[in-house]
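Comments concern the structure below.
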Amino acid sequence: MSPQTIPQQIITILLCTAATMCTRFLPFLLFGRSDNVPPVITYLGKVLPSAVFGMLVVYCLKNVSLFTSPFGIPEFLGIAVTAAVHLWKKNTLLSMFSGTLCYMLVIRFLL
């Protein structure tokens, strides 16, 4: 390890710590501890999780080719398992884990 990388690593750790603390403390600095949350924040809290999940699906499927082997089968099986487990158990973490496990098993053992 070169001596120049140690200061870079320390700066990186400090910046990551500062960014994390800022995102944790900023809502309390802006809104205090009151129960009066602005309606726009409530709205964003309702729509952003679905929007982020939708963007994640698009990002994961952007390079899938339906015209070459394996024709997107592992990805769509993973999505189907994720949706089925979520509809069944209503547990986001379990459904994401199940879909990821399905995808990994298909690409490892069936392709």
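The values are calculated or read from the model by the stated rules, or taken from the named source; none is laboratory data. This structure is a prediction, so every number in the text was calculated from the model and none was measured. Positions of Cβ are backbone-derived with ideal geometry, glycine not excepted, and every protein chain shown enters the neighbour counts. All accessible areas refer to the heavy atoms of the entire protein, side chains included, with ligands and DNA or RNA removed. Shrake-Rupley method; radii C 1.70, N 1.55, O 1.52, S 1.80 Å.
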Contacts under 8 angstrom Cβ, first residue in region 37-52 being in contact (Cβ under 8 Å) with a residue 12 or more places away in the chain and outside any helix (DSSP H, G or I), partner surrounded by 10 or more Cβ atoms within 10 Å (Cβ to Cβ) and of a type outside the set (Gly, Ala, Ser), 6 or more apart: none
Some residue of region 37-54 being touching a Gly at 6+ places or on another chain (Cβ under 9 Å) and either open to solvent by 100 Å² or more (accessible area, probe 1.4 Å) or among the aliphatic types (A, V, I, L, M) (or both): yes
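In this structure, does VAL57 turn out to be over 16 Å from the mean Cα position of the chain (by Cα), assigned to a helix (DSSP H, G or I) and surrounded by 12 or more Cβ atoms within 10 Å (Cβ to Cβ)? Give the derivation first.
Numbers: over 16 Å from the mean Cα position of the chain (by Cα): no; assigned to a helix (DSSP H, G or I): yes; surrounded by 12 or more Cβ atoms within 10 Å (Cβ to Cβ): yes.
Spelling it out, it is not the case that VAL57 is over 16 Å from the mean Cα position of the chain (by Cα), assigned to a helix (DSSP H, G or I) and surrounded by 12 or more Cβ atoms within 10 Å (Cβ to Cβ).
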Enumeration of residues in region 80-111 that are in contact with a Gly (Cβ under 9 Å, 6 or more places away or on another chain), open to solvent by 70 Å² or more (accessible area, probe 1.4 Å) and among the aliphatic types (A, V, I, L, M): LEU101, MET104
Residue check, ASN63 under 30 Å from LEU101 (Cα atoms) and part of a loop (DSSP other than H, G, I, E, B): yes
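Among the residues of region 43-61, are any of a type in the set (D, E, K, R) and at positive phi? Spell out how you get there, then give the answer.
Filtering region 43-61 for residues of a type in the set (D, E, K, R) gives 46.
Then keep just the ones that are at positive phi; that gives none.
Checking region 43-61: not a single residue is of a type in the set (D, E, K, R) and at positive phi.
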